[in-house]
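A.B. asks: Sharing a structure with you now.
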Amino acid sequence: MRVSEIDLADVAAWPTWLKVVAHVAVAGWVLGMGHWLVLGEQRRELASLARTASDLGRTVEAKAESVRRVGVADQRRAQLESTLATALGRLPTAVDLPRLIEELSRAAVESGLVIESIHVSDDEPHDDYVAMPIALVVTGSYHQFGEFMAAAAGLERPLTLYDFEIDAGGRPLTLTLAGRAYRAVDGAGGGGAASVPERVRVAYGGTGRSPFQVDDTPEPHGPDREMQGKQPLERFALARLQMVGALARRGVAVGLVRDPTGHVHRAGVGDRLGLHGGRIISVGFDGMEIVETLSDHTSGWARRVHRMEPKGRQDAVNDEHLAADIGDEE
């Protein structure tokens with residue numbers, strides 16, 4: 001039977017192959033509609049439940065981490081409480097004030113300081129201990145202060161120092177600091193002051209220049225020096241410069257310095273030359289002295305004096321000729 005001869009209204013007369021195709025099409029449509037109406041909603045609900053399960057899993061992991069941290073924090077707190085209890089147990093039941101002042105005085109004297117005043121205030125009670133405020137004023141040098149602080153840190157008395165202030169307005173320097181001595185609350189503690197174990201000794205190893213010695217500060221080098229602008233002779237190494245003579249006018253001598261290019265410059269006291277911040281400190285007909293400020297690679301700066309003499313003494317002329325030369329140059 002040809003396709004054109006098939007009567008679509010007479011299903012019973014359809015050929016077998018067309019009936020099979022029709023049945024398959026109807027079955028596919030039914031399954032598709034069922035999936036869209038029933039299974040699709042269930043799949044969307046399943047996806048939502050999967051996301052919820054993933055979020056809950058991350059929440060459980062976060063809670064587990066929090067529990068672990070709480071356990072670590074509890075252990076740490078127990079350790080700190082044990083350490084605090086041990087420290088409080090070592091506090092003396094009373095502060096031997098005369099002995100404490102004697103130890104502070106000895107530490108200051110051994111460090112070369114002069115004690116201006118020691119003031120002790122009323123006790124400050126706390127839950128676990130009692131603090132005795134102490135104010136101390138001493139005079140001396142910067143490094144002596146460091147030695148004193150190291151000695152105070154090694155005292156057998158439970159003592160803390162804080163609120164440091166150094167007055168550099170005069171010489172010697174003045175150090176003002178506050179401190180606290182500690183004792184146990186009445187009825188607690190480990191006994192008398194003598195029962196406090198000896199503390200670890202602290203050594204002061206400071207050397208070099210004090211930050212308050214402003215006069216010893218070297219001249220600027222590097223980028224700072226570049227910012228100020230260099231003089232012509234600072235572009236050459238000192239060994240490549242040559243003094244060829246000197247000029248004088250009204251009793252002031254000026255050196256004549258030739259650079260490697262052959263140009264001769266006039267250089268007087270205060271002028272700079274060389275690559276290390278060299279500065280002329282004196283000029284005479286027999287030569288001139290230059291001071292350089294160099295890093296000693298250890299604790300600060302070192303000064304080196306260099307003498308530059310004319311190429312030949314015969315190059316020097318008398319004052320009349322020098323004055324005439326200056327007049328011609330001007």
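The values are calculated or read from the model by the stated rules, or taken from the named source; none is laboratory data. This is a predicted model, so every value here is computed, not measured. Glycine also receives a Cβ, built like all others from the backbone with ideal geometry; neighbour counts cover every protein chain displayed. With ligands, DNA and RNA removed, areas are computed over all heavy atoms of the protein, side chains included. Shrake-Rupley method; radii C 1.70, N 1.55, O 1.52, S 1.80 Å.
A.B. asks: Distance between the C-alpha centers of segment 145-184 and segment 39-91? Whole Å please.
C.D. replies: One Cα centre to the other: 46 Å.
A.B. asks: Provide the FRET efficiency to the nearest 0.05 for the ARG106-THR86 pair, computing r from the beta carbons and using R0 = 30 Å.
C.D. replies: Details: r = 29 Å, r/R0 = 0.95.
Computed FRET efficiency for ARG106 and THR86: 0.55.
A.B. asks: Beta carbons within 10 angstrom, averaged per residue: use that to sort the peptides 39-51, 253-265, highest first.
C.D. replies: Peptide ranking by packing, descending: 253-265, 39-51.
A.B. asks: Suppose all protein chains stay in the model; what accessible area per residue would a 1.4 Å probe give for segment 120-184, in Å²?
C.D. replies: On the way: 2980 Å² over 65 residues.
Counting only protein heavy atoms, the per-residue value for segment 120-184 is 46 Å².
A.B. asks: Whenever you get a sec, line up ILE290, ILE115 from highest to lowest accessible area (probe 1.4 Å, protein heavy atoms). Write down the numbers at each step before the final one.
C.D. replies: Details: ILE290 0, ILE115 55 Å².
Ranked from most to least accessible, the order is ILE115, ILE290.
A.B. asks: Given a 1.4 Å probe and heavy atoms of the protein chains only, how would you sort PHE164, PHE285, PHE145, largest accessible area at the top?
C.D. replies: On the way: PHE164 110, PHE285 75, PHE145 10 Å².
Descending order: PHE164, PHE285, PHE145.
A.B. asks: So, taking all protein chains as they sit and a 1.4 Å probe, how much accessible area belongs to TYR204, in Å² rounded to tens?
C.D. replies: Approximately 80 Å² for this residue.
A.B. asks: Same structure again: Just reorder ARG171, ARG183 by solvent-accessible area, largest first, 1.4 Å probe, all chains present. Provide the component values of the computation, followed by the final result.
C.D. replies: Values: ARG171 160, ARG183 45 Å².
Reading off the accessible areas and sorting them downward yields ARG171, ARG183.
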